[in-house]
Amino acid sequence: MMITAPNTLSQLQKQMDVIGHNVANVRTNGYKARTTTFTDLLFQQFETGSEAAREVGRLSPNGVRQGVGAKVAQAQVVMTQGSLENTGRALDLALTKEGQFFRVSVQHEAGREIQYTRDGAFYLTTTSENEVMMVTSSGHPILDENNELIVINGQAKEYRVDESGTINVHLENDDQQVFQLGVSQVEKPQFLELKGNNLLGVPTNMGELNVGIEEIVTDLTDDQVSLKQGALEKSNVDAAKEMTDLIGAQRLYQFQARSINMADQMMGLINGIR
(Lines give C-alpha, C1' and ligand atoms only; values in the text may rest on other atoms or scores of the structure.)
Protein backbone atom coordinates (compact mmCIF):
# COMPACT_ATOMS: atom_id res chain seq x y z
CA MET A 1 0.00 0.00 0.00
CA MET A 2 2.89 2.34 0.73
CA ILE A 3 4.13 1.82 -2.84
CA THR A 4 0.86 1.52 -4.75
CA ALA A 5 -0.89 4.57 -3.29
CA PRO A 6 1.88 7.18 -3.91
CA ASN A 7 2.38 5.88 -7.47
CA THR A 8 -1.33 6.25 -8.23
CA LEU A 9 -1.57 9.63 -6.46
CA SER A 10 0.99 11.19 -8.81
CA GLN A 11 -0.88 9.88 -11.87
CA LEU A 12 -4.26 11.06 -10.59
CA GLN A 13 -2.70 14.50 -10.21
CA LYS A 14 -1.81 14.40 -13.92
CA GLN A 15 -5.42 13.51 -14.76
CA MET A 16 -6.70 16.45 -12.70
CA ASP A 17 -4.21 18.74 -14.47
CA VAL A 18 -5.62 17.66 -17.86
CA ILE A 19 -9.20 18.21 -16.65
CA GLY A 20 -8.28 21.63 -15.26
CA HIS A 21 -6.70 22.58 -18.58
CA ASN A 22 -9.88 21.56 -20.39
CA VAL A 23 -12.10 23.56 -18.05
CA ALA A 24 -9.87 26.62 -18.42
CA ASN A 25 -10.34 26.48 -22.21
CA VAL A 26 -14.12 26.04 -22.35
CA ARG A 27 -14.42 29.38 -24.19
CA THR A 28 -11.27 29.10 -26.30
CA ASN A 29 -12.06 29.09 -30.03
CA GLY A 30 -11.17 25.84 -31.76
CA TYR A 31 -9.78 24.21 -28.62
CA LYS A 32 -9.82 20.41 -28.57
CA ALA A 33 -10.30 18.67 -25.24
CA ARG A 34 -7.91 16.02 -24.04
CA THR A 35 -8.84 12.82 -22.26
CA THR A 36 -6.63 10.57 -20.13
CA THR A 37 -6.46 6.78 -20.13
CA PHE A 38 -4.78 4.65 -17.47
CA THR A 39 -2.86 1.40 -17.55
CA ASP A 40 -1.61 -0.88 -14.80
CA LEU A 41 2.01 -0.87 -13.73
CA LEU A 42 3.99 -4.09 -13.34
CA PHE A 43 2.61 -6.96 -11.25
CA GLN A 44 4.57 -9.30 -9.04
CA GLN A 45 3.66 -12.95 -8.48
CA PHE A 46 3.89 -14.28 -4.91
CA GLU A 47 3.62 -18.05 -4.45
CA THR A 48 1.26 -18.86 -1.57
CA GLY A 49 0.08 -22.40 -2.26
CA SER A 50 1.72 -25.61 -1.09
CA GLU A 51 2.13 -29.01 -2.66
CA ALA A 52 -0.23 -30.49 -0.06
CA ALA A 53 -2.97 -28.04 -0.98
CA ARG A 54 -2.67 -28.89 -4.64
CA GLU A 55 -2.78 -32.64 -3.94
CA VAL A 56 -6.18 -32.39 -2.27
CA GLY A 57 -7.66 -30.62 -5.29
CA ARG A 58 -7.46 -26.96 -4.34
CA LEU A 59 -9.48 -24.94 -6.86
CA SER A 60 -8.35 -21.40 -6.06
CA PRO A 61 -5.43 -20.16 -8.14
CA ASN A 62 -1.99 -20.54 -6.69
CA GLY A 63 -0.17 -17.32 -5.86
CA VAL A 64 -1.11 -13.69 -5.38
CA ARG A 65 -0.56 -11.06 -8.05
CA GLN A 66 0.35 -7.79 -6.37
CA GLY A 67 0.41 -4.62 -8.41
CA VAL A 68 2.24 -1.35 -7.77
CA GLY A 69 -0.40 1.11 -8.96
CA ALA A 70 -1.49 2.68 -12.24
CA LYS A 71 -0.12 5.32 -14.58
CA VAL A 72 -1.48 7.67 -17.23
CA ALA A 73 -0.99 5.82 -20.50
CA GLN A 74 -2.06 8.65 -22.78
CA ALA A 75 -3.60 12.12 -22.83
CA GLN A 76 -5.22 12.03 -26.25
CA VAL A 77 -6.78 14.90 -28.19
CA VAL A 78 -10.55 14.54 -28.76
CA MET A 79 -11.12 15.57 -32.39
CA THR A 80 -14.92 15.92 -32.36
CA GLN A 81 -16.35 18.99 -34.08
CA GLY A 82 -17.22 21.95 -31.85
CA SER A 83 -20.33 24.07 -32.33
CA LEU A 84 -20.19 27.01 -34.77
CA GLU A 85 -20.88 30.60 -33.79
CA ASN A 86 -21.75 33.11 -36.50
CA THR A 87 -19.80 36.36 -36.13
CA GLY A 88 -20.29 38.03 -39.53
CA ARG A 89 -16.61 39.04 -39.54
CA ALA A 90 -14.90 38.46 -42.89
CA LEU A 91 -11.65 37.10 -41.40
CA ASP A 92 -13.35 34.66 -39.02
CA LEU A 93 -13.12 31.18 -40.54
CA ALA A 94 -14.41 27.90 -39.11
CA LEU A 95 -13.33 24.47 -40.34
CA THR A 96 -16.37 22.21 -40.65
CA LYS A 97 -14.69 18.80 -40.90
CA GLU A 98 -13.09 16.90 -38.04
CA GLY A 99 -9.33 16.55 -38.04
CA GLN A 100 -8.57 19.54 -40.30
CA PHE A 101 -6.22 22.27 -39.05
CA PHE A 102 -4.87 25.58 -40.33
CA ARG A 103 -1.10 25.69 -40.77
CA VAL A 104 0.73 28.39 -38.82
CA SER A 105 4.35 29.50 -38.95
CA VAL A 106 6.04 29.85 -35.56
CA GLN A 107 9.53 31.32 -35.36
CA HIS A 108 12.03 29.83 -32.89
CA GLU A 109 15.71 30.42 -32.27
CA ALA A 110 16.45 27.25 -34.24
CA GLY A 111 14.29 28.35 -37.17
CA ARG A 112 10.72 28.27 -38.41
CA GLU A 113 8.33 25.51 -37.35
CA ILE A 114 4.93 24.64 -38.77
CA GLN A 115 2.23 24.21 -36.12
CA TYR A 116 -1.53 23.65 -36.31
CA THR A 117 -4.65 25.33 -34.97
CA ARG A 118 -8.44 25.18 -35.34
CA ASP A 119 -8.83 28.80 -34.20
CA GLY A 120 -9.85 30.69 -37.33
CA ALA A 121 -9.97 34.20 -35.81
CA PHE A 122 -7.46 35.82 -38.19
CA TYR A 123 -6.17 39.38 -38.29
CA LEU A 124 -3.96 41.59 -40.45
CA THR A 125 -0.65 43.10 -39.44
CA THR A 126 1.33 45.70 -41.38
CA THR A 127 4.64 44.50 -42.83
CA SER A 128 5.44 47.55 -44.96
CA GLU A 129 3.83 50.78 -46.13
CA ASN A 130 1.52 49.06 -48.58
CA GLU A 131 1.54 45.42 -47.42
CA VAL A 132 -0.34 43.50 -44.74
CA MET A 133 0.06 39.90 -43.63
CA MET A 134 -2.59 37.50 -42.30
CA VAL A 135 -1.82 36.32 -38.75
CA THR A 136 -3.42 34.58 -35.78
CA SER A 137 -4.58 36.43 -32.67
CA SER A 138 -1.11 35.74 -31.20
CA GLY A 139 0.64 37.27 -34.21
CA HIS A 140 1.84 34.05 -35.86
CA PRO A 141 1.68 34.14 -39.69
CA ILE A 142 -0.90 31.99 -41.49
CA LEU A 143 0.50 29.80 -44.28
CA ASP A 144 -0.90 29.09 -47.73
CA GLU A 145 -0.97 25.76 -49.59
CA ASN A 146 2.78 26.07 -50.37
CA ASN A 147 3.65 26.98 -46.77
CA GLU A 148 4.33 30.58 -47.78
CA LEU A 149 3.16 33.67 -45.87
CA ILE A 150 -0.12 35.24 -46.99
CA VAL A 151 0.88 38.84 -47.80
CA ILE A 152 -1.60 41.24 -49.41
CA ASN A 153 -0.25 44.08 -51.55
CA GLY A 154 -2.45 47.17 -51.66
CA GLN A 155 -5.52 48.44 -49.85
CA ALA A 156 -8.17 45.73 -49.55
CA LYS A 157 -11.84 46.60 -49.49
CA GLU A 158 -13.38 43.12 -49.35
CA TYR A 159 -12.40 39.58 -48.38
CA ARG A 160 -14.28 36.57 -49.69
CA VAL A 161 -13.42 33.02 -48.67
CA ASP A 162 -15.20 30.08 -50.26
CA GLU A 163 -15.79 26.67 -48.69
CA SER A 164 -12.59 25.25 -50.18
CA GLY A 165 -10.37 27.82 -48.45
CA THR A 166 -9.70 30.07 -51.43
CA ILE A 167 -9.29 33.71 -50.35
CA ASN A 168 -10.31 36.37 -52.88
CA VAL A 169 -9.05 39.83 -51.89
CA HIS A 170 -10.68 42.74 -53.74
CA LEU A 171 -8.49 45.87 -53.69
CA GLU A 172 -9.43 49.54 -53.81
CA ASN A 173 -8.04 49.81 -57.36
CA ASP A 174 -10.39 46.99 -58.47
CA ASP A 175 -7.54 44.49 -58.73
CA GLN A 176 -7.87 41.06 -57.15
CA GLN A 177 -5.45 38.78 -55.32
CA VAL A 178 -6.12 35.09 -54.70
CA PHE A 179 -4.63 32.86 -51.99
CA GLN A 180 -5.28 29.27 -50.97
CA LEU A 181 -5.22 28.59 -47.24
CA GLY A 182 -2.86 25.88 -46.05
CA VAL A 183 -4.93 23.18 -44.33
CA SER A 184 -3.74 19.79 -43.04
CA GLN A 185 -5.54 16.64 -41.98
CA VAL A 186 -4.33 15.15 -38.70
CA GLU A 187 -4.15 11.38 -39.12
CA LYS A 188 -2.77 10.46 -35.69
CA PRO A 189 -3.75 13.09 -33.11
CA GLN A 190 -2.30 11.04 -30.24
CA PHE A 191 1.19 12.04 -31.40
CA LEU A 192 0.54 15.80 -31.30
CA GLU A 193 1.60 17.85 -28.30
CA LEU A 194 0.41 21.18 -26.92
CA LYS A 195 2.64 24.07 -27.99
CA GLY A 196 0.82 26.92 -26.23
CA ASN A 197 -1.30 29.76 -27.65
CA ASN A 198 -3.93 27.23 -28.80
CA LEU A 199 -1.42 25.54 -31.13
CA LEU A 200 -0.57 21.89 -31.63
CA GLY A 201 2.64 20.52 -33.06
CA VAL A 202 4.55 17.38 -33.90
CA PRO A 203 7.19 16.52 -31.26
CA THR A 204 10.66 17.39 -32.46
CA ASN A 205 12.07 14.11 -31.16
CA MET A 206 9.88 11.08 -31.75
CA GLY A 207 12.34 8.88 -29.86
CA GLU A 208 12.01 5.20 -30.66
CA LEU A 209 8.60 5.58 -32.28
CA ASN A 210 8.75 4.53 -35.92
CA VAL A 211 6.38 7.27 -37.06
CA GLY A 212 7.17 10.07 -39.48
CA ILE A 213 5.57 13.51 -39.75
CA GLU A 214 3.91 12.50 -43.04
CA GLU A 215 2.05 9.75 -41.14
CA ILE A 216 0.75 12.21 -38.53
CA VAL A 217 -0.41 15.10 -40.73
CA THR A 218 -1.34 15.22 -44.43
CA ASP A 219 -1.54 18.45 -46.48
CA LEU A 220 -4.92 18.82 -48.17
CA THR A 221 -5.87 20.17 -51.59
CA ASP A 222 -8.58 22.78 -52.05
CA ASP A 223 -11.25 20.21 -52.99
CA GLN A 224 -10.72 18.42 -49.64
CA VAL A 225 -11.04 21.51 -47.43
CA SER A 226 -14.35 22.49 -45.87
CA LEU A 227 -14.81 25.77 -43.99
CA LYS A 228 -17.30 28.56 -43.37
CA GLN A 229 -16.61 32.28 -43.52
CA GLY A 230 -17.99 34.63 -40.88
CA ALA A 231 -18.07 31.97 -38.15
CA LEU A 232 -15.85 30.52 -35.45
CA GLU A 233 -15.69 27.01 -34.05
CA LYS A 234 -16.16 26.92 -30.30
CA SER A 235 -14.35 24.60 -27.91
CA ASN A 236 -15.57 21.00 -27.87
CA VAL A 237 -15.11 20.76 -24.09
CA ASP A 238 -18.23 19.46 -22.29
CA ALA A 239 -18.11 21.40 -19.00
CA ALA A 240 -20.60 19.09 -17.26
CA LYS A 241 -18.59 15.99 -18.18
CA GLU A 242 -15.32 17.60 -17.10
CA MET A 243 -16.73 18.53 -13.69
CA THR A 244 -18.06 14.99 -13.23
CA ASP A 245 -14.66 13.54 -14.15
CA LEU A 246 -12.99 15.99 -11.78
CA ILE A 247 -15.19 14.90 -8.86
CA GLY A 248 -14.44 11.25 -9.64
CA ALA A 249 -10.69 11.91 -9.80
CA GLN A 250 -10.80 13.81 -6.50
CA ARG A 251 -12.64 10.94 -4.82
CA LEU A 252 -10.03 8.47 -6.08
CA TYR A 253 -7.29 10.80 -4.87
CA GLN A 254 -8.85 10.94 -1.41
CA PHE A 255 -9.19 7.15 -1.34
CA GLN A 256 -5.52 6.63 -2.20
CA ALA A 257 -4.44 9.19 0.39
CA ARG A 258 -6.64 7.49 2.98
CA SER A 259 -5.08 4.10 2.17
CA ILE A 260 -1.64 5.48 3.11
CA ASN A 261 -3.03 6.47 6.51
CA MET A 262 -4.60 3.04 6.96
CA ALA A 263 -1.34 1.29 6.04
CA ASP A 264 0.52 3.42 8.58
CA GLN A 265 -1.98 2.46 11.29
CA MET A 266 -1.68 -1.25 10.40
CA MET A 267 2.11 -1.10 10.54
CA GLY A 268 1.93 0.65 13.91
CA LEU A 269 -0.38 -2.07 15.18
CA ILE A 270 2.01 -4.80 14.02
CA ASN A 271 4.97 -3.07 15.61
CA GLY A 272 3.01 -2.82 18.87
CA ILE A 273 2.25 -6.55 18.83
CA ARG A 274 5.91 -7.35 18.26
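Provide a single number: the residues in region 7-21 that are surrounded by fewer than 14 Cβ atoms within 10 Å (Cβ to Cβ) and either closer than 15 Å to Ile247 by Cβ or not assigned by TED's automatic domain parsing to the domain that holds Gln254 (or both).
1
Return only the number of the condition from (1) under 21 Å from Val225 (Cβ atoms); (2) outside any strand (DSSP E or B); (3) in contact (Cβ under 8 Å) with a residue 40 or more places away in the chain that Phe102 does not satisfy.
In the conditions (1) under 21 Å from Val225 (Cβ atoms); (2) outside any strand (DSSP E or B); (3) in contact (Cβ under 8 Å) with a residue 40 or more places away in the chain, Phe102 misses (2) alone.
Tell me the residue from Ser83, Ser105 that is exposed (fewer than 13 other Cβ atoms within 10 Å of the Cβ) and of a type in the set (Ser, Thr, Tyr), please. Spell out the reasoning first.
Numbers: Ser105 fails: exposed (fewer than 13 other Cβ atoms within 10 Å of the Cβ).
Every option except Ser83 fails the conditions.
Just checking, how many residues over region 161-180 are more than 26 Å from Lys97 (Cβ to Cβ) and assigned to a loop (DSSP other than H, G, I, E, B)?
Looking only at that region, the number is 4.
For Ser235, indicate whether it is assigned to a loop (DSSP other than H, G, I, E, B) and among the hydroxyl-bearing types (Ser, Thr, Tyr). Give the derivation first.
Numbers: assigned to a loop (DSSP other than H, G, I, E, B): yes; among the hydroxyl-bearing types (Ser, Thr, Tyr): yes.
Yes; evaluated as a whole, the condition is true for this residue.
Filter region 105-160 for residues that are among the small types (Gly, Ala, Ser) and part of a strand (DSSP E or B) and give the result.
Kept after step one, since they are among the small types (Gly, Ala, Ser), are these residues of region 105-160: 105, 110-111, 120-121, 128, 137-139, 154, 156.
Across region 105-160, the qualifying residues are Ser105, Gly111, Ala121, Ser128, Ala156.
Please give the number of the condition Gly165 fails out of (1) within 20 Å of the chain's Cα centre (by Cα); (2) surrounded by 17 or more Cβ atoms within 10 Å (Cβ to Cβ).
(1)
Between a first residue in region 249-274 that is more than 13 Å from Gln13 (Cα to Cα) and a second residue that is surrounded by 12 or more Cβ atoms within 10 Å (Cβ to Cβ), which pairs have beta carbons less than 6 Å apart while being 6 or more apart in sequence or on different chains?
From region 249-274, the pairs are Ser259/Met1; Ser259/Ala5; Ile260/Ala5; Ala263/Met1.
Among the numbered conditions (1) buried (at least 18 other Cβ atoms within 10 Å of the Cβ); (2) modelled with pLDDT under 90; (3) under 21 Å from the mean Cα position of the chain (by Cα), tell me where Gly207 comes up short.
Among (1) buried (at least 18 other Cβ atoms within 10 Å of the Cβ); (2) modelled with pLDDT under 90; (3) under 21 Å from the mean Cα position of the chain (by Cα), the lone unmet condition for Gly207 is (1).
Got at least one residue in region 185-197 being part of a loop (DSSP other than H, G, I, E, B), over 21 Å from the mean Cα position of the chain (by Cα) and over 15 Å from Asp92 (Cα atoms)? Outline the logic, then answer.
We begin by selecting, within region 185-197, every residue part of a loop (DSSP other than H, G, I, E, B); these are 187-188, 192, 197.
Applying the additional criterion that residues be over 21 Å from the mean Cα position of the chain (by Cα) yields none.
Taking every residue of region 185-197 in turn, none turns out to be part of a loop (DSSP other than H, G, I, E, B), over 21 Å from the mean Cα position of the chain (by Cα) and over 15 Å from Asp92 (Cα atoms).
Based on what the data block shows, is Gln256 part of a helix (DSSP H, G or I), assigned by TED's automatic domain parsing to the domain that holds Gln13, more than 20 Å from the chain's Cα centre (by Cα) and surrounded by 17 or more Cβ atoms within 10 Å (Cβ to Cβ)? Can you show your working first?
Values: part of a helix (DSSP H, G or I): yes; assigned by TED's automatic domain parsing to the domain that holds Gln13: yes; more than 20 Å from the chain's Cα centre (by Cα): yes; surrounded by 17 or more Cβ atoms within 10 Å (Cβ to Cβ): yes.
Here the answer is yes, as Gln256 does meet what is asked.
Could we say that Met243 is touching a helix residue (DSSP H, G or I) at 6+ places or on another chain (Cβ under 8 Å), at pLDDT 90 or above, loosely packed, with under 15 Cβ neighbours inside 10 Å and within 24 Å of Thr37 (Cβ to Cβ) here?
Values: touching a helix residue (DSSP H, G or I) at 6+ places or on another chain (Cβ under 8 Å): yes; at pLDDT 90 or above: yes; loosely packed, with under 15 Cβ neighbours inside 10 Å: yes; within 24 Å of Thr37 (Cβ to Cβ): yes.
So Met243 fits the description; yes.
The values are calculated or read from the model by the stated rules, or taken from the named source; none is laboratory data. Keep in mind that this is a model prediction, so the values were computed, not measured. Note that we place each Cβ from the backbone using ideal geometry, even for glycine, and neighbour counts take in every protein chain shown.
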